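The values are calculated or read from the model by the stated rules, or taken from the named source; none is laboratory data. Note that this is a predicted model, so its numbers are computed, not measured. Here Cβ is always computed from backbone atoms with ideal geometry, including for glycine, and neighbour counts include all displayed protein chains. SASA here: full protein model, heavy atoms, side chains in, ligands and nucleic acids out. Shrake-Rupley method; radii C 1.70, N 1.55, O 1.52, S 1.80 Å.
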Amino acid sequence: MATITTKDGTQIYYKDWGKGQPIVFSHGWPLTADDWDSQMLFFGQHGYRVIAHDRRGHGRSSQTGGGHDMDHYADDLAALTAHLDLKEAVHVGHSTGGGEVVHYLARHGESRVAKAVIISAVPPLMVKTAANPGGLPKDVFDGLQAQLAASRAQFYYDVAAGPFYGYNRPGAKPLQGVIWNWWRQSMMGGAKAHYDGIVAFSQTDFTEDLKKIDIPVLVMHGDDDQIVPIGAAGLMSAKILKKATLKVYPGFPHGMPTTNADQINADLLAFIGRSAQAAA
C-alpha cells in the first residue's frame, strides 16, 4: 500500500493513478478514498492524474487516538501534496472533505493549487450559534455521537439506508450494494476518530478560511441534502468566497457524487476546464 508518514508518526494511505493535471479528492465522514471510485475512474479516463487518501483514523490510515480535528486534517493533506510535489492541482472535497480542502487552502496557501471544488460541504459552519442562526442545534450532533457509541454498526447502516443518499424519500429506489459499500468503508475506520470527527465537522467555523481563498471554487450542493442542509452551507459559502461558482441541484441528496455521478462528473469536468471530447 502507498503511504506517507506525517510528522507525528501517523501513516496516511493514498491512491495515485495516472498522469496529467492532478485532481486530489478528500472524502466525507466517516468514509474512505473508495467513496471517490466513480470520479477517479472517470477522470482517469479523461487524462487526469487522480489522487485520494484515507483521512487519519479512517480506512487504511493509522487509527490514531488523537489529532481528529481540521488542523491535523489540513496538515496531513499538505504533507501528501508536498510528498507528491503536486503543481496546478484541483482539490475536490465532499462534506467533511470540503472543510478539509477549505482549511488546507487557508492554512497552507494556494501555491500548488489551480482550482477547488466543494460538494455538499460543511463550511462555513454547521452548528447553530448566535452568529449562525441557520445552523443545526448542537443536540443533533450530540445525538450522532450517542448513536455511534451505542451501536456504530447499526448507526452506519441506518445513515446509508436513509438520509445520506435520500433513500428515505418517497419513490426512492435504494441500492443495497451502495448501502453496504458505505457501511463497509465506515467500519474500516476507528470509532474514536469517527466520534471526534463529528465535533470537527460540525463545530469548526470556516468563515475566515473562506475569505482567504483567491482561486476559483465551484460550490455544488443538492437542495434536498438532509445531512448538510444547503441553506447554512453551500449557499453561504458561495456568498463568502471571492471567486465562487454555485451550482444547486434540485432534489439531489447529500451523497450525490454516487447517486448522480454522471451529472456531477460532467459538471466537474466543465469547471476544471477540459471537455470530454478534447480529452478523448
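What the table shows:
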{"read-out": "Residue ID - nearest to residue 268 (Cα to Cα), chosen from residues in the stretch 130-147 that are assigned to a helix (DSSP H, G or I) and polar (S, T, N, Q)", "value": "145"}
{"read-out": "Inter-residue pairs, beta-carbon under 9 Å, first under 13 Å from residue 119 (Cβ atoms) and in the stretch 25-36, second among the β-branched types (Val, Ile, Thr) and open to solvent by 10 Å² or more (accessible area, probe 1.4 Å), 6+ apart", "value": "28/227; 35/258"}
{"read-out": "Single residue of the stretch 233-255 satisfying the filter (farther than 19 Å from residue 164 by Cβ and hydroxyl-bearing (Ser, Thr, Tyr)) that is most open to solvent (accessible area, probe 1.4 Å)", "value": "245"}
{"read-out": "Failed item, numbered, when residue 155 is tested on (1) in a loop (DSSP other than H, G, I, E, B); (2) open to solvent by less than 40 Å² (accessible area, probe 1.4 Å)", "value": "(1)"}
{"read-out": "Residue in the stretch 44-66 that is farther than 25 Å from residue 270 by Cα, of a type in the set (Lys, Arg) and open to solvent by 10 Å² or more (accessible area, probe 1.4 Å) present", "value": "yes"}
{"read-out": "Leading residue by the ranking (nearest to the chain's Cα centre (by Cα)) among those in the stretch 107-128 that are open to solvent by 20 Å² or more (accessible area, probe 1.4 Å) and under 19 Å from residue 239 (Cα atoms)", "value": "115"}
{"read-out": "Test: residue in the stretch 215-229 that is open to solvent by 40 Å² or more (accessible area, probe 1.4 Å), in a helix (DSSP H, G or I) and on the phi < 0 side of the Ramachandran plot", "value": "no"}
{"read-out": "Matching residues in the stretch 191-250 - criterion: being under 23 Å from residue 89 (Cβ atoms) and without any contact (Cβ under 8 Å) to a residue 12 or more places away in the chain", "value": "none"}
{"read-out": "One residue from 202, 186 being within 12 Å of residue 121 (Cα to Cα), of a type in the set (Ser, Thr, Tyr) and surrounded by 21 or more Cβ atoms within 10 Å (Cβ to Cβ)", "value": "202"}
